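K.L.:
Submitted below is the structure of interest, expressed as structure tokens.
The values are calculated or read from the model by the stated rules, or taken from the named source; none is laboratory data. Source: prediction; values computed, not measured. Please note: Cβ atoms are built from the backbone with ideal geometry, for glycine as well, and neighbour counts cover all protein chains shown.
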Amino acid sequence: MQLLTLDDFRIKASNFNITRAENLLRIICGAFMFPHAMSKFASFGVLSAGTIGFFGKAGFQPPELWVWLAFFTEAACGIALVLGLCTRYAALGAAGALAIAVYALHTVKGFGWLWNTGGYEYPIFWGLACVTVALWEFRRVYGPSAQR
């Protein structure tokens, strides 16, 4: 069993057939990572002081490094999911980034569920959606009907 193949790095037309639910969900999950990534900036290339402060309060030291790491992780996972590249790993990476966001929200604000009050309903929902994408892809690659 290979963990990665050249096929994982190929952009295929079939990845954009949005009549297939797994493609539609994968593309949506990827697209929703971009605003999450871009929210780290006050303007292009300038990190938001509020975001840096938030990361510091959550215990991520040095916070600037962690903000950049979060940005690159979220952007790379978003691009990979939209294009269908290394999908199962990109989806797990996105879910991991969202799980860390939930941890940070809980550490800084305490328990809060509703997204519109700064809770973690939104990142939990999208994290679970990304896990679903990863499971679909693992099943496609390694499941009983996979071509080996």
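K.L.:
Please work out which one of (1) buried (at least 20 other Cβ atoms within 10 Å of the Cβ); (2) under 26 Å from ARG139 (Cβ atoms); (3) touching a residue at least 40 places away in the same chain (Cβ under 8 Å) is the condition PHE55 fails and give its number.
P.N.:
It is condition (2) that PHE55 fails.
K.L.:
Need the failing condition index for CYS77 against (1) farther than 24 Å from CYS130 by Cα; (2) touching a helix residue (DSSP H, G or I) at 6+ places or on another chain (Cβ under 9 Å); (3) part of a helix (DSSP H, G or I), just the number.
P.N.:
For CYS77, the failing item is (1).
K.L.:
Pairs under 7 Å by beta carbon, first residue under 15 Å from PHE9 (Cβ atoms) in segment 82-111, partner among the β-branched types (Val, Ile, Thr) and at pLDDT below 95, six or more apart or different chains?
P.N.:
Final answer for the pair search is ARG88/VAL141.
K.L.:
Count, please, the residues in segment 10-41 that happen to be farther than 15 Å from GLY84 by Cβ, exposed (fewer than 14 other Cβ atoms within 10 Å of the Cβ) and touching a residue at least 40 places away in the same chain (Cβ under 8 Å).
P.N.:
Adding up the residues that qualify gives 0.
K.L.:
Looking at segment 1-39 only, could you name the residues that are at pLDDT below 95 and not in a helix (DSSP H, G or I)?
P.N.:
MET1, GLN2, LEU3, LEU4, THR5, SER39
K.L.:
What number of residues in segment 76-94 are out of contact with any Lys or Arg (no Cβ under 8 Å at 6 or more places or on another chain), of a type in the set (Gly, Ala, Ser) and farther than 12 Å from PHE32 by Cβ?
P.N.:
Of the residues in segment 76-94, 4 are out of contact with any Lys or Arg (no Cβ under 8 Å at 6 or more places or on another chain), of a type in the set (Gly, Ala, Ser) and farther than 12 Å from PHE32 by Cβ.
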